[in-house]
Structure formats: structure tokens, C-alpha cells
Amino acid sequence: MNFTAVGAIYRFEMARFFRTITQSLVSPVLSTSLYFVVFGTAIGSRIEEIDGVSYGAFIVPGLIMLTVMTQATSNASFGIYFPKFIGTIYELLSAPVNFLEITIGYVGAAATKAMFIGLIILITSFFFVDITIAHPLAMFAFLFLTCLSFALLGFIIGIWAGNFEQLQLIPLLVITPLVFLGGSFYSISMLPPIWQNITLFNPVVYLISGFRWSFFGTADVPIALSLGAISLFTLLCMTVIWWIFRTGWRIRA
């Protein structure tokens, strides 16, 4: 393992994050604060509790998941797409660095950024609602695995994308709708039976449910299924990345 190369990629990506701190950190926090104001106040005044939890506190895990999924994907996709765009990817590919080291550098930085933003949003939520974390270690584990898996997905998107429009296509048109329809602002038990069954085909449901369980001890699906879903998704993304570097798809053309 070439730790020097991994560290160089990681530090470069983290430096870019801090150079654009307003866009990278302040913007997500402000957006999440607006969600608290709109959903927590307007809707929360009509929905007092869900599963014994105040509505304002109930939406906290969903808001964190919404932010970290989109941020991890966007950061990782842009991180690998930009070297492709300016042509420096070939210098990286010709260096004595294997695909695992490249992936760890870019994906590790993107996951770190997303997790940092997620923790900042968690701290921000304490200013709006009274919240208690029932299983702190499980919360950190779910947060880390979510940031890692979606950073891997973003890495794949960055390699696939042929322009900046495609770079934002999947985060905006796929991930964000799946999060909104995955129980981020409601419990799927509130849906009619047929829609509950349909919602179970949404993979994001299992991530949000497991993360919410770590806060309140209640979940829409069993925790074992949540862990299995995120582990399978992570393994699938890693397999796709291995195949991309093995074949050179979209990176050597």
C-alpha cells in the first residue's frame, strides 16, 4: 500500500473542501435549518408525534441522511471527474499507484467531508429540537457506512459522466427523490398497505430506518436488513470500481 500517494490525494481533496468552505459547509447547514423551520414548525404543529417521538426530532435522522448522501455523492463524483476533465487523470494512471489506492484517496476524502457535514448538522439540530441518541456507536457506524457507500457511488458517477450536466443527473433525479420517498420525513407505517410494500423496494428506506433506530430505538424495517442492505450496496460499488479500473472503461479513452 502506497500510503504517500493515498495521503497526497486525500490532502489535496480536503484542501479543496476548505477552500470552498462556504459552498461546501455553510450552504448545507443553512438548507437543513430551513427544513427544520418549514417541516418542524409548519408540519410539526399538525403532527405532534410519530412512534412516540416529536415530529421535529423524528425528521433529524432523515435530514442528516438526505444531506450526507447527496454531499458524499457530489464530492466524490466531482473529485474524480475534474482530473478527467483537465487531463491529469493520465498522470495519475501512469504513476506507481494502483486502483485501490486511488479509490481510497478520493472516496476517503469525500466520505470524510460528508461525515463532517453530517455531524455539523446533528449539532445544529440540538438548537431546534430536544433529541437524545439511544445508540451513539450504532449512529456513528450507520453514518460512516452511508458516507462510504455513497462516496463509492459518486466515484462511479464521476467516471461515467461525460460532462458537468451528467455529473449532477443522478444526485438530483435519482438520489434526492429516493430519499424523500424513503421515509425521511415520515414513517412508512403511515402509508396504505400497498404503498408500504412498494416503498420496501426503495433501498434508501433501509438506510434511513437503521439510522433512525440508532436515535430512537424504533425502525420501519429490521436492523439486520438495514445492515445487510448497506453492506451489499457497498460491496456492489466496490466491485463496479474494480471492474472499471480492470477494463479501463471511461478512464483510458
Open item on the list: Run the numbers for Tyr90 and Glu48: contour at 0.36 nm per residue of separation, minus the present Cα-Cα distance, in nm.
Closed with: 9.5 nm
- [ ] Averaging sequence separations of C-alpha pairs under 8 Å and six or more residues apart, then dividing by the length of the chain, give the relative contact order as a whole percent.
- [x] 26
Task: Within region 80-112: backbone nitrogen closer than 18 Å to the Gln23 label point (7 Å, Cα to C-beta) - done: 80-87, 110-111
Open item on the list: So if I take the alpha carbon set of region 100-253, get Rg, then get Rh from the Kirkwood formula, what is the Rg over Rh ratio?
Closed with: 0.99
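Please work out how much length the chain gains when fully extended from Ile198 to Ala141, using 0.36 nm per residue of separation minus the C-alpha to C-alpha distance, in nm with one decimal. Walk me through the numbers on the way to the answer.
Values: separation 57, 0.36 × 57 = 20.52 nm, distance 2.74 nm.
Full extension of this stretch gives 17.8 nm more.
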Open item on the list: Between Pro193, Pro83, Pro61, where does the largest GNM mean-square fluctuation fall for the chain, given springs only between Cα atoms within less than 10 Å?
Closed with: Pro193
Task: Order of Lys113, Lys84 under a 10 Å beta carbon neighbour criterion, fewest first - done: Lys84, Lys113
Open item on the list: Starting from the 7 Å offset along Cα-to-Cβ, what nm value, one decimal, do you get for the label separation of Gln166 and Leu236?
Closed with: 2.1
Open item on the list: Between Leu178, Leu137, Leu66, where does the largest GNM mean-square fluctuation fall for the chain, given springs only between Cα atoms within less than 10 Å?
Closed with: Leu137
Open item on the list: Explain nothing, just compute: Karplus ³J(HN,Hα) = 6.51 cos²θ - 1.76 cosθ + 1.60, θ = phi - 60°, for every residue of region 63-72 in order, whole Hz, x for Gly and Pro.
Closed with: 5, 5, 4, 4, 6, 5, 5, 5, 5, 4
Task: Leu169, Leu152 arranged by Cβ crowding within 10 Å, fewest neighbours leading - done: Leu169, Leu152
- [ ] Quote to one decimal, in nm, the extra length available between Leu34 and Ile223 on full extension: 0.36 nm per residue of separation minus the C-alpha distance between them.
- [x] 65.0 nm
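Throughout, read-outs are computed from the coordinates displayed, never taken from laboratory work. Only a predicted model underlies this, so the values are computations on that prediction, with no experimental measurement involved. All Cβ positions, even for glycine, are placed from backbone atoms using ideal geometry, and neighbour counts span all protein chains on display.
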